[in-house]
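Read-outs: derived from the displayed coordinates by stated rules, not from any lab. Just so it is clear, the model here is predicted, and its values are computed rather than measured. When we count neighbours, we look across all protein chains shown, and the Cβ atoms used for this are built from the backbone with ideal geometry, even at glycine.
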Amino acid sequence: MFKTKLLAALLTVSLATPAMADVSGKLVLYTSQPNADAQQTVDAFKAKHPGVEIEWVRDGTSKVMAKLRAEFAAGDPQPDVLLIADTVTMEGLKQEGRLLAHEGADVSAYDPAIMDKDRTYFSTKLITTGIMYNTGAEMVPASYKDLLKPEAKDKLAMPSPLTSGAATIHMVAVTGHPDLGWDFYEGLAEQGANPQGGNGGTYKAIAGGEKLYGFIVDFLAIRGAAEGAPVAFVFPQEGVSAVTEPVAILKTAKNPDAAKAFVDFLLSEDGQKLAASQGYLPAHPAVDAPEGFPSRDKIKLLDFDAAKALEGDTANKLKFEEIFGG
């Protein structure tokens, strides 16, 4: 009910606001957003730009990219805009020369660390990965190192970087931390951790009591707790990694003006309030976090360099397989 009312209020504001540009025509969006979120995003944008007809395709980032790669190979890429999970994928497209810079995008309010300095892709939210624990557990972790304590032995669940993009980014960010590094992941293996699947499987294992601790994306744990599941989410003292659901325009876009307006909407306060209404942490520091989250200034992000992560991706995954046995 709360989300419905907030979305209605956002649409009212959008309708009352003059369009940022007189854009129209067809806009093709490829996205990895959940279906309900994608529909809300499209509806809110169309309320601001009613002259734009939006055709959208939704799937997981890996499947979206497989489809797009096939279109690249055929010389006929369809989307104007991509809105997918992670900056590493976007960085790869940037280095291939596939992305159109949006020089006029207003990112002045944002942390430069989460934006591409060349303005070819833009973070739209912060989906962080921290620690979830079962509230029946005796130990309440405050640090990643708490997971190496005897209380957590054989009670750890975590998604695999070989399956989950968020888990890959978390692995890179954590192993890059000077007080953690690969030694921490080796410690997790000694604790009996067996990374597999995605975040959903980790959530079920901990909520069901099969395991007691693990890494997971914030909204799954926070939503679960709000719905009565015996779980809680911790933002560890070292910081959290973040998947930022970046948006980008392809150089082959057939409607670049509408594509730029779409990017501008997602980065606007209206767009960021929409993200918050959907239960995500907005990337804009002036927009309030949704219920269950601490304020943005209380959340510390681990350092992460998308270009460096892309360069070291194969080596990092081989190191992970060496530690955990693939």
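With r as the distance between the Cβ atoms of ALA109 and GLU291 and R0 = 35 Å, compute the FRET efficiency 1/(1 + (r/R0)^6) and round to 0.05.
In this case the efficiency is close to 0.95.
Which semi-axes, in whole Å and largest first, does the equivalent ellipsoid of the chain have when worked out from the alpha carbon gyration tensor as the square roots of 5 times its eigenvalues?
Working from the Cα gyration tensor, I get semi-axes of 34, 23, 16 Å.
Would you mind calculating the gained length between GLN196 and LEU162 on full extension (0.36 nm times residue separation, minus the Cα-Cα distance), in nm to one decimal?
11.4 nm
How big is the C-alpha Rg of the stretch 142-185 next to the rule-of-thumb value 2.2 N^0.38 Å, as a ratio?
Cα Rg divided by the expected 2.2 N^0.38 Å: 1.19.
Which residues in the stretch 294-314 place their backbone N less than 16 Å from a point set 7 Å from the Cα of HIS177 along the Cα-to-Cβ direction?
Only 298-305 fall inside the zone, counting backbone N under 16 Å.
Starting from the Cα-Cα distance between LYS26 and GLU96, subtract it from 0.36 nm times their residue separation and give me the gain in nm to one decimal.
Difference between extended and current length: 22.6 nm.
Consider a paramagnetic label point 7 Å from the Cα of LYS317 along Cα→Cβ; state which residues of the stretch 58-80 have an amide N under 18 Å from it.
60-70
How big is the shadow of the Cα convex hull of the stretch 72-138, averaged over all directions, in nm²?
7.7 nm²
Summing Lys, Arg as +1 and Asp, Glu as -1, what charge do residues with Cβ under 14 Å from the Cβ of GLN191 carry, GLN191 excluded?
Value of the local net charge: -1.
Mind jotting down the distance between the C-alpha centroids of the stretch 128-143 and the stretch 268-326, whole Å?
That distance is 18 Å.
Can you give me the Kirkwood hydrodynamic radius for the stretch 247-326, using every pair of distinct Cα atoms, in Å to one decimal?
It works out to 16.0 Å.
Average projected area of the Cα convex hull of the stretch 32-152, in nm²?
With every direction weighted equally, the projected area is 11.5 nm².
State the antiparallel share, in %, of DSSP beta bridges confined to the chain, rounding to the nearest 5.
65 percent
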